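Q: Below are the structure tokens for one structure; questions will follow.
The values are calculated or read from the model by the stated rules, or taken from the named source; none is laboratory data. Values in this document were obtained by computation on a predicted structure and should not be read as measured data. Cβ coordinates were reconstructed from backbone atoms using ideal geometry, including for glycine residues, and neighbour counts include every protein chain displayed. Surface areas here come from the heavy atoms of the whole protein model, side chains and all, with no ligands, DNA or RNA. Shrake-Rupley method; radii C 1.70, N 1.55, O 1.52, S 1.80 Å.
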Amino acid sequence: MNSILTAKVKLPFNINYTFNASPRYQWYYRRYFASSSHPSWNPLTNNAGVDREHNKRFDWSINNTINWEKTFAEKHRVNVTLVQESEERQFWQDVIRARNITPSDALGFHETSGGDKLLSEFDTEDSRQTADGMLGRLFYSYDERYMFTGSVRRDGYSAFGTSNPRATFLSAALGWTFTKEKFFNWTPMSNGKLRLSYGQNGNRSLENPYIALANLANGVGTQGYINASGDYIQFQYLRIDRMQNKNLQWEKTASFNIGLDLGFLNNRISTTLDYFQMSTTDMIMNQSLPDFSGFTSITTNLGEVQNNGFEITINSQNIVKNNFTWNTTLGFSKYKNIIKHLYYSYVDVLDASGNVVASKEVDDIGNGWFIGQPISSIWNYRVTGIWQVNEIEEADKYKQRPGDPKVANNYTADDIQNSDGSTTFVYNDKDREFLGQTQAPIMWSLRNDFTYKNFNFAINIYSYMGHKSLSGAYLNQDNGTSTISQGLANTYDKPYWTPENPSDFWGRLESKGPAGLNAPQRVFDRSFARLDNISLGYTLPNKLISSYNIQNLKVFGSIRNVAVWRKDKNWRYWDIETGQMAPRIFTLGINLSF
């Protein structure tokens, strides 16, 4: 149940006050019963039993805004905005999962207290989080030529550590509409504005509103003791599964932007160009901890990631006639990010003589984070092809056979030379390479809109380029129960290597990597272009509908996910963008208003 409450009050001296409140209440009930009398559901398993779940959520937010605007001497415009906002989120959950109910589960959802205490679960979870913020913003414009905006924002969030629940963020921006200068008289350019800005913002996205606090959780399994009567008593216990971090604070991003807005031919052609540099510090990360600490990791603020990019948008009114128009929007963007710092832990770099010549910050190999590389880097073994029949002797050196993948052995100093003259090839982190990144560095889109009398037609295409992913599906290791060779399972068509139908990309059924590396993954290029949407609509003339007291009647149809073109022709694992099924959607509809 959602609601929005709004109030606007006009005060003296041209001051406007706005109040917004948004309370929301949600609830959810779940009931599940599976009788133990079913022949396939043993009462001692989790298949049979009762589930009763009830949760509810209540959120609210309020916003108070005061705005004042005044123009002096016709050219000096001043606007002041003050904002105060706060919010609260509360969640309650009760769960009962009763198993092996005695003496019988014939009562269905009822009498769950008879469930076996060691097989059943009775759990509750309550959470509460609050946030508040204050903002002050000043805007000044002289003759709509020179503009300045400055703001200060102070935000607080209850989920951060007790030492740093709040943070302050500053921003400033300058604008210059140079086409309004007296010296500018180039007629084709109808608008030109230069923008320069610097701003800070924060990220409060946490997986748990209590992540900064230590936590008690159920222990693994049970413990027990023998009482005075000689009986063995089992019980569950609690353990601390999360380390406290009272210094956890806001993740901060500082951004510098320079932009240019241009318009030509009375703005029939307009373009926006932006270049930005962003630095994100105090990133909220899970830092690995040594085993002796008793914890695997702690959520803390570490590291720095630098981002930069370029964006351009072009809008054009290609044709403007009485009965026909054609508009085009083209967007292009290119992004790059690198990890500048992680844990600020350094090691010495030695030369061939063992002398210290430099220092290097330590990478986080476990998380796949490397200094100087994109945060989404792919660091893995490089598959170079598939062993063929005429390479059987060479494949045997790697304990493989034809149809298995070839993997680059880049570092050979640790390979083992055996007494019989053979070599045991060793694969470890020294053989891995940087093979790309999973985030697309290049994106573009193109949209065309046409109108002819009462018809409108639109077509949209977009593309992500330059990103990759890993997959081991080419190994065809899903034939363990002969799902492919014996046709014992219904699976999609899959290519695989055979001596009669060799391939340098697809492995044989149940192919294996070299000794010590059972399933090396292969890189797939995920670049694609998608014809995303085609739509057609027709608005009936008023003379046909006015007699029926109809104000507007529009009939429309659209097709989503019309076509996809992918760069990697070997990709065949569902949709190239999502990795899941992507249906083509046909829509027919009517917009009707009275």
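Q: Looking only at residues that are crowded, with 16+ Cβ neighbours inside 10 Å and of a type in the set (S, T, N, Q) in the stretch 515-560, which one is farthest from Asp504 (Cα to Cα)?
A: Here the residue is Thr539.
Q: Of all the residues that make up the stretch 330-367, how many are of a type in the set (Gly, Ala, Ser) and at pLDDT below 90? Even if it seems obvious, please write down each step before you answer.
A: Pass one, the stretch 330-367, residues of a type in the set (Gly, Ala, Ser): 331, 333, 345, 352-354, 358-359, 366.
When the remaining residues are screened for being at pLDDT below 90, the result is 345, 352-354, 366.
Summing the residues that are of a type in the set (Gly, Ala, Ser) and at pLDDT below 90 in the stretch 330-367 gives 5.
Q: Please specify each residue of the stretch 241-254 satisfying the condition of being under 30 Å from Ser171 (Cβ atoms) and assigned to a loop (DSSP other than H, G, I, E, B).
A: Our first condition is that a residue be under 30 Å from Ser171 (Cβ atoms); within the stretch 241-254, this holds for 245-254.
Hits for the stretch 241-254 are Asn245, Lys246, Asn247, Leu248, Gln249, Trp250.
Q: For the stretch 513-536, enumerate the residues that are in a strand (DSSP E or B) and either more than 30 Å from Phe556 (Cβ to Cβ) or free of Cβ contacts under 8 Å to residues at least 60 places away in the same chain (or both). Show your work before the answer.
A: If we filter the stretch 513-536 for residues that are in a strand (DSSP E or B), which is where we start, we get 522-525, 528-536.
If the condition is that a residue be in a strand (DSSP E or B) and either more than 30 Å from Phe556 (Cβ to Cβ) or free of Cβ contacts under 8 Å to residues at least 60 places away in the same chain (or both), then Arg522, Val523, Phe524, Asp525 are the ones that fit.
Q: Right, next: Residues being under 20 Å from Ser377 (Cα atoms) and either outside any strand (DSSP E or B) or over 18 Å from the mean Cα position of the chain (by Cα) (or both): count how many of those fall in the stretch 452-469.
A: Residues of the stretch 452-469 under 20 Å from Ser377 (Cα atoms): 464-469.
Keeping just the survivors that are either outside any strand (DSSP E or B) or over 18 Å from the mean Cα position of the chain (by Cα) (or both) gives 466-467.
Counting residues in the stretch 452-469 that are under 20 Å from Ser377 (Cα atoms) and either outside any strand (DSSP E or B) or over 18 Å from the mean Cα position of the chain (by Cα) (or both) gives 2.
Q: Then there is this: Please go through the stretch 213-240 and pick out each residue that is open to solvent by less than 90 Å² (accessible area, probe 1.4 Å) and part of a loop (DSSP other than H, G, I, E, B).
A: Within the stretch 213-240, Leu213, Ala214, Gly219, Gly221, Thr222, Asn227, Gly230, Asp231, Tyr237 qualify.
Every residue, every condition in (1) more than 23 Å from Ala254 (Cβ to Cβ); (2) modelled with pLDDT of 95 or more; (3) β-branched (Val, Ile, Thr), yes or no:
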| site | (1), (2), (3) |
| --- | --- |
| Met278 | no, yes, no |
| Ile284 | no, no, yes |
| Ser288 | yes, no, no |
| Phe292 | yes, no, no |
| Ile298 | yes, no, yes |
| Glu311 | no, yes, no |
| Asn315 | yes, yes, no |
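Q: When the residues of the stretch 121-166 are filtered to those that are within 19 Å of Phe256 (Cβ to Cβ) and of a type in the set (A, V, I, L, M, F, W, C), which remaining residue is surrounded by the most Cβ atoms within 10 Å (Cβ to Cβ)?
A: Met147
Q: Let me ask another. Give just the number: which of (1) touching a Gly at 6+ places or on another chain (Cβ under 7 Å); (2) touching a residue at least 24 places away in the same chain (Cβ under 8 Å) does Arg268 not satisfy?
A: (1)
Q: Also: Would you mind stating whether Gly108 is modelled with pLDDT under 85, open to solvent by less than 30 Å² (accessible area, probe 1.4 Å) and either more than 15 Å from Asn79 (Cβ to Cβ) or part of a loop (DSSP other than H, G, I, E, B) (or both)?
A: On the way: modelled with pLDDT under 85: yes; open to solvent by less than 30 Å² (accessible area, probe 1.4 Å): yes; either more than 15 Å from Asn79 (Cβ to Cβ) or part of a loop (DSSP other than H, G, I, E, B) (or both): yes.
Yes, satisfied.
Q: Being within 22 Å of Val523 (Cα to Cα) and either at pLDDT 90 or above or open to solvent by 50 Å² or more (accessible area, probe 1.4 Å) (or both) narrows it down to one of Ile576, Ile585, so name that one.
A: Numbers: Ile585 fails: within 22 Å of Val523 (Cα to Cα).
Matching residue, one of Ile576, Ile585: Ile576.
Q: Still on this model: If you check every pair at least six apart or on different chains, which have Cβ atoms under 7 Å apart with a residue in the stretch 146-158 that is part of a strand (DSSP E or B) first and a residue that is among the charged types (D, E, K, R) second?
A: Once the first residue is part of a strand (DSSP E or B) and sits in the stretch 146-158, its partners that are among the charged types (D, E, K, R) give Thr149/Arg137; Ser151/Arg137; Arg154/Arg166; Asp155/Arg166; Gly156/Asp132; Gly156/Arg166; Tyr157/Arg204.
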